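The values are calculated or read from the model by the stated rules, or taken from the named source; none is laboratory data. No experiment lies behind these values; they were computed from the predicted model shown. When we count neighbours, we look across all protein chains shown, and the Cβ atoms used for this are built from the backbone with ideal geometry, even at glycine.
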Amino acid sequence: MEARRLRHALRRQRVALHPDAGDVHDCHPPEVEEWPEDRLADLMVREIEEGVADTGVRAGHIGEIGCETPTDRERKVLRAATQAQGRTGAMLMIHQGWKPGDQVTQHRLLDTVEASGGSVRRTVLAHVDRTGADPGLQASVLERGVTIEYDIFGYEVSRAGAWDREVPSDIRRILDLRRLIEAGFRDQLVVAQDICFKTMQSAYGGVGYSHILRRLLPGFRALGVSDDDVHAILVTNPMRLLNFTEPVE
């Protein structure tokens, strides 16, 4: 949603919305190829401190920064985003992709954050739902201090181009979260409702934005996740991450 429409939505709705800075996926505007990393970082900082273009709508965090493959352009944007994170104290969210057997991509992304002066503890890896098939990988990235986000609840559909990526059920997602809580990682877990296709919207027959709150909370309780733990991953952890901290620079 472009910034002016978002500003209009903010005025009409009673729910808080949290704009972001940065680019998703390897479909960047031409300036990403042309500009040096410092200039890209300057743009993200300006969107946080002053607002997007001339709208006055300020971004509240950075990302999700697309690192699906990742490509050279995606790595460049990630380095710039990490610089902006260090300069603003904002949370950084990374869009990552995972295929079974991959033990290195997520670690390399975190290596980039560290090498570019950012904070892994202020970084969130999004869309980790499928990585539950590799508990060892999950533990190894969590031990570095990053937060991981399960965020595709209600989406249990295979699709062209992703036949090698088994889609977990909501029950599997909750059991994964319970396992990670029991392993001591509760404070590094968040959940969200990523709506990225029209068919995921309730108006088009999907589960919609209210799926977690309306349908899944009883499932968390039934599968042994306490109310305190649910509050942590739904409220306490996001609140801590979305609050700005002192800039590194």
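What the table below lists for this structure:
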item	result
Residue check for V235: within 21 Å of V124 (Cβ to Cβ) and surrounded by 12 or more Cβ atoms within 10 Å (Cβ to Cβ)	no
Of the criteria (1) closer than 25 Å to T236 by Cα; (2) buried (at least 18 other Cβ atoms within 10 Å of the Cβ); (3) modelled with pLDDT of 95 or more, which one G118 fails	(3)
Residues within the range 194-249 that are closer than 30 Å to E114 by Cβ, assigned to a helix (DSSP H, G or I) and among the aliphatic types (A, V, I, L, M), tallied	7
Qualifying residues in the range 203-217 (those that are exposed (fewer than 14 other Cβ atoms within 10 Å of the Cβ) and aliphatic (A, V, I, L, M)) - the one nearest to the chain's Cα centre (by Cα)	L213
Residue count for the range 3-60, restricted to those that are crowded, with 16+ Cβ neighbours inside 10 Å, modelled with pLDDT of 65 or more and acidic (D, E)	3
Failed condition for S226, given (1) loosely packed, with under 15 Cβ neighbours inside 10 Å; (2) in contact (Cβ under 8 Å) with a residue 60 or more places away in the chain	(2)
Among the residues listed as G117, G145, the single one being in a loop (DSSP other than H, G, I, E, B), more than 30 Å from S202 (Cα to Cα), touching an Asp or Glu at 6+ places or on another chain (Cβ under 8 Å) and not acidic (D, E)	G117
Any chance G184 is outside any helix (DSSP H, G or I), closer than 21 Å to I148 by Cβ and not β-branched (V, I, T)	yes
Subset tally (residues that are in a helix (DSSP H, G or I) and in contact with a Cys (Cβ under 9 Å, 6 or more places away or on another chain)) for the range 148-180	0
Any hit, the range 98-109, residues being assigned to a helix (DSSP H, G or I) and touching a Phe, Trp or Tyr at 6+ places or on another chain (Cβ under 9 Å)	yes
Residue that is nearest to the chain's Cα centre (by Cα) [pool: residues in the range 165-201 that are modelled with pLDDT under 90, of a type in the set (A, V, I, L, M, F, W, C) and surrounded by 14 or more Cβ atoms within 10 Å (Cβ to Cβ)]	I195
Residue count for the range 53-68, restricted to those that are more than 20 Å from L242 (Cβ to Cβ), touching a strand residue (DSSP E or B) at 6+ places or on another chain (Cβ under 7 Å) and either among the hydroxyl-bearing types (S, T, Y) or not in a strand (DSSP E or B) (or both)	1
E143 being touching a helix residue (DSSP H, G or I) at 6+ places or on another chain (Cβ under 9 Å) and either surrounded by fewer than 21 Cβ atoms within 10 Å (Cβ to Cβ) or within 22 Å of R186 (Cα to Cα) (or both)	no
Residue that is farthest from L180 (Cα to Cα), among those in the range 202-235 that are modelled with pLDDT under 95 and of a type in the set (S, T, Y)	Y204
Matching residues, the range 27-52, being part of a loop (DSSP other than H, G, I, E, B) and of a type outside the set (V, I, T)	C27, H28, P29, W35, P36, E50, G51
